[in-house]
Amino acid sequence: MEEFVNLKSSICSFFLLISLLGFLPLLSAFPLPKTHYHQFIVQPKPVKRLCKVHNIITVNGQFPGPTLAVRDGDSLVIKVVNAARYNVSLHWHGIRQLRNPWADGPEFITQCSIKPGGSYTYRFTIEGQEGTLWWHAHSRWLRATVYGALIIYPKLASPHPFVMPKKEFPLLLGEWFDRDPISVLRQALFTGAAPNVSDAYTINGQPGDFYICSKKETMRLAVNSGETILLRIINSALNQELFFSIANHQMTVVAVDAAYTKPFATNVIMIGPGQTTDVLVTANQPPAYYYMAATAYNTAQNAPFDNTTTTAILQYNNLPPQQNPRPILAQLPNFNDTPTATRFTDQLRSPHRVSVPLHIDENLFFTVGLGLNNCTNPNSPRCQGPNGTRFTASINNVSFVFPKSNSIMQAYYQGVPGVFTADFPPFPPLQFDYTGNVSRGLWQPRRGTKAYKLKYGSSVQIVLQDTSIVTPENHPMHLHGYHFYVVGSGFGNFNPRTDPARFNLIDPPVRNTIGTPTGGWVAIRFIADNPGAWLMHCHIDSHLAWGLAMVFLVENGEGEMQSVIPPPPDLPPC
Ligand SMILES: *[C@@H]1O[C@H](CO)[C@@H](O)[C@H](O)[C@H]1NC(C)=O
Ligand SMILES: *[C@@H]1O[C@H](CO)[C@@H](O)[C@H](O)[C@H]1NC(C)=O
Ligand SMILES: *[C@@H]1O[C@H](CO)[C@@H](O)[C@H](O)[C@H]1NC(C)=O
Ligand SMILES: *[C@@H]1O[C@H](CO)[C@@H](O)[C@H](O)[C@H]1NC(C)=O
Ligand SMILES: *[C@@H]1O[C@H](CO)[C@@H](O)[C@H](O)[C@H]1NC(C)=O
Ligand SMILES: *[C@@H]1O[C@H](CO)[C@@H](O)[C@H](O)[C@H]1NC(C)=O
Ligand SMILES: *[C@@H]1O[C@H](CO)[C@@H](O)[C@H](O)[C@H]1NC(C)=O
Ligand SMILES: [Cu+2]
């Protein structure tokens, strides 16, 4: 730690000296990347929400956790100390972690978790990324309360592609359980039924005016009439896609998932767990208080969901005297308004022409969806899913089972057999009418810890196809270690003969998490230029727990800079 401090203070005095001498132009001509040192203590903290005190798991006692703010090119050194009673690991969502899967975080994929009393230092460098990302626990359901924003500013000399407002605010949308979220998961995994839904949504940890005992703490943003602000909206909810809007104000979308977009104006955004959306908002309405609100976009049929609404307040400074400060209500779409969700996502475009891979080496077709496991004794307390079954989920009919005693990356790197197999299927074992009336006999997937190997540098297309098994549903799919181009999407079954002709190969958006439309498909492309073991999974954590995941094993390339770096000495023991 001492060397950190010394290094930091010497860098600081260097900067101080330079600026004192008035050499700022020199500094911006040769911007120096910085290393940011942080200590994250994972610890319980009593927090009162909805009239009750819960001892939640936090980082440094903060909820939401600390915001990390860095520049492109900077490095982060984050010592995570586990002072909680759960195993924990942290994931830096959307950071590419080039050649450095050891810092990615998902437990049993790239590392074993940090045991209570243990610690692990995540070290990584931001390479060519700017915008809004976030970090969260990637172990069981700890991310219900263990999350925070990760903001990457452009390098010193390089401007934003839009006029950067003076004021900016991260808005972390979350989900609050009026009980210990780990026990909610534990109960669901025992009974086989769907987990209890949350009791509130939150904005920066606060439920807002529409919930009991919450009004005093509602999150407020003060704005001056006429000014423009940047909102960095992050969906950190555990299990729910959300609509977000602001009363009487349009939003101009400028980035998603730390990738800039062609700006467009909208009254509402749809944001899935794992995704981020940056919007500009101009305070161009009569001075008053306006609600910012989020509520569920829910596509699963006959399934209970949290149908409450969270709010924060956009409040104008200098209200005229006697102005009634009761906030103006925000308009939100109906819970199942798929046309509005689709209209929003269909508008996303990269700002300019981008270099989409045109020649495809790996043409993958993945069915994603739920399933039901039959029980020998349907009356068992462990079979409380529909008609005495247990819920499951799969990709290409393989329900992913996490290893229990090693991580896939360590097993791969050290050549330890028996942890996983590299035979994940590139297409479903059976062709059927995926979004039609699927015969009940096909609803039970097989279990497996399977990875799919990719050659370094290969160009990959994945068509993610939702199924109607149990229910059609929008699944927000997240790929670790990469971002990808979203080249096309549609409803019904993907047609390989006609649909590719409509792909956007000019200016498709770049993302790290993409919703598979309910009863539809989405196509993504990327170059496999980052060696390592990379999880792809549904970011609805109940689906992840049921097995909606798979792993890409990207092999080392031949060049010196194309191989995974050696694991750090303090990687947690398995
Ligand atoms: C933590 O993980 C280890 C295996 O890595 C397991 O043996 C232990 O029971 C876990 N502890 C808790 C508290 O979950
Ligand atoms: C889930 O909800 C049911 C019904 O409200 C309740 O009995 C049960 O205790 C809840 N589960 C947990 C883990 O709190
Ligand atoms: C929300 O769901 C509850 C039951 O789950 C129901 O009683 C209530 O009417 C619903 N509210 C709205 C606004 O749909
Ligand atoms: C459960 O059984 C009932 C009656 O046989 C049937 O109508 C329903 O579709 C079944 N539900 C599921 C999810 O299989
Ligand atoms: C779905 O197929 C089953 C048998 O294949 C049939 O009994 C059922 O009526 C069909 N349901 C619908 C909605 O078409
Ligand atoms: C599971 O049970 C359902 C209805 O009871 C049956 O239609 C289906 O074929 C069974 N699936 C398997 C894999 O046994
Ligand atoms: C999935 O695999 C199981 C077991 O092999 C089989 O019973 C089922 O029909 C398969 N379902 C699909 C959709 O391929
Ligand atoms: Cu899902």
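Please work out if THR202 is open to solvent by less than 10 Å² (accessible area, probe 1.4 Å), touching a residue at least 24 places away in the same chain (Cβ under 8 Å), out of contact with any Cys (no Cβ under 9 Å at 6 or more places or on another chain) and β-branched (Val, Ile, Thr). Step through it out loud before you land on a result.
Numbers: open to solvent by less than 10 Å² (accessible area, probe 1.4 Å): yes; touching a residue at least 24 places away in the same chain (Cβ under 8 Å): yes; out of contact with any Cys (no Cβ under 9 Å at 6 or more places or on another chain): yes; β-branched (Val, Ile, Thr): yes.
Yes.
Which condition from (1) more than 30 Å from SER458 (Cα to Cα); (2) polar (S, T, N, Q); (3) at pLDDT 95 or above is the one that GLN322 breaks?
(3)
Of everything in region 264-317, what is farther than 22 Å from ARG232 by Cβ and within 24 Å of the chain's Cα centre (by Cα)? Give them in sequence order.
If we filter region 264-317 for residues that are farther than 22 Å from ARG232 by Cβ, which is where we start, we get 286-288, 298-308.
Once the filter is applied, which keeps residues that are farther than 22 Å from ARG232 by Cβ and within 24 Å of the chain's Cα centre (by Cα), region 264-317 yields ASN298, THR299, ALA300, GLN301, ALA303, PRO304, PHE305, ASP306, ASN307, THR308.
Cβ-Cβ below 7 Å, separation at least six or inter-chain, first residue in region 435-449 and assigned by TED's automatic domain parsing to the domain that holds VAL398 and open to solvent by 70 Å² or more (accessible area, probe 1.4 Å), second part of a loop (DSSP other than H, G, I, E, B) and away from ligand 8 (no atom under 16 Å from the Cβ): which pairs?
ARG447/VAL401
Do we find a residue being within 16 Å of ligand 1 (Cβ to nearest atom) and either open to solvent by less than 50 Å² (accessible area, probe 1.4 Å) or more than 30 Å from LYS115 (Cβ to Cβ) (or both) anywhere in region 374-388? Write out each step before concluding.
Initially, region 374-388 is screened for residues within 16 Å of ligand 1 (Cβ to nearest atom), giving none.
No: zero hits.
Looking only at region 509-531, count every residue that is of a type in the set (Phe, Trp, Tyr) and either open to solvent by 10 Å² or more (accessible area, probe 1.4 Å) or farther than 15 Å from VAL460 by Cβ (or both) and tell me the total. Break it down into steps so the answer makes sense when it comes.
Of the residues in region 509-531, the ones of a type in the set (Phe, Trp, Tyr) are 521, 526.
Retained after the next criterion (residues that are either open to solvent by 10 Å² or more (accessible area, probe 1.4 Å) or farther than 15 Å from VAL460 by Cβ (or both)): 521.
Of the residues in that region, 1 qualify.
Here is a check on your reading of the model: is GLU168 within 30 Å of PRO351 (Cα to Cα), of a type in the set (Asp, Glu) and not in a strand (DSSP E or B)?
Details: within 30 Å of PRO351 (Cα to Cα): yes; of a type in the set (Asp, Glu): yes; not in a strand (DSSP E or B): no.
So GLU168 does not fit the description; no.
Just one of the numbered conditions (1) over 25 Å from THR228 (Cβ atoms); (2) assigned to a helix (DSSP H, G or I); (3) open to solvent by 60 Å² or more (accessible area, probe 1.4 Å) is not true of ARG343; which one?
(1) is the only condition that ARG343 fails.
Determine which single condition SER183 fails, assuming it passes every other condition in (1) assigned to a helix (DSSP H, G or I); (2) open to solvent by 50 Å² or more (accessible area, probe 1.4 Å); (3) free of Cβ contacts under 8 Å to residues at least 24 places away in the same chain.
(2)
Tell me which residues, restricted to region 300-326, are on the phi < 0 side of the Ramachandran plot, touching a residue at least 60 places away in the same chain (Cβ under 8 Å) and within 16 Å of ligand 3 (Cβ to nearest atom). Please lay out each step first, then the result.
We begin by selecting, within region 300-326, every residue on the phi < 0 side of the Ramachandran plot; these are 300-301, 303-317, 319-321, 323-326.
After this cut, where a residue has to be touching a residue at least 60 places away in the same chain (Cβ under 8 Å) as well, the list is 300-301, 303-306, 308-317.
Residues satisfying the conditions are ALA300, GLN301, ALA303, PRO304, PHE305, ASP306, THR308, THR309, THR310, THR311.
Got a sec? Which of LEU358, LEU329 is within 16 Å of ligand 3 (Cβ to nearest atom), open to solvent by 40 Å² or more (accessible area, probe 1.4 Å) and modelled with pLDDT of 95 or more?
Numbers: LEU358 fails: within 16 Å of ligand 3 (Cβ to nearest atom).
None of the other options fit; the residue is LEU329.
In the list VAL281, VAL354, which residue meets the criterion of being over 29 Å from SER542 (Cβ atoms) and part of a strand (DSSP E or B)? Explain how you work it out, then say what you get.
On the way: VAL354 fails: part of a strand (DSSP E or B).
Just one listed residue meets the conditions, VAL281.
The values are calculated or read from the model by the stated rules, or taken from the named source; none is laboratory data. Here the structure is a predicted model, which means the values were calculated and not measured. No Cβ is skipped: glycine too gets one built from the backbone with ideal geometry, and neighbour counts run over all protein chains shown. Accessible surface is based on the protein model in full, side chains and every heavy atom, while ligands, DNA and RNA are left aside. Shrake-Rupley method; radii C 1.70, N 1.55, O 1.52, S 1.80 Å.
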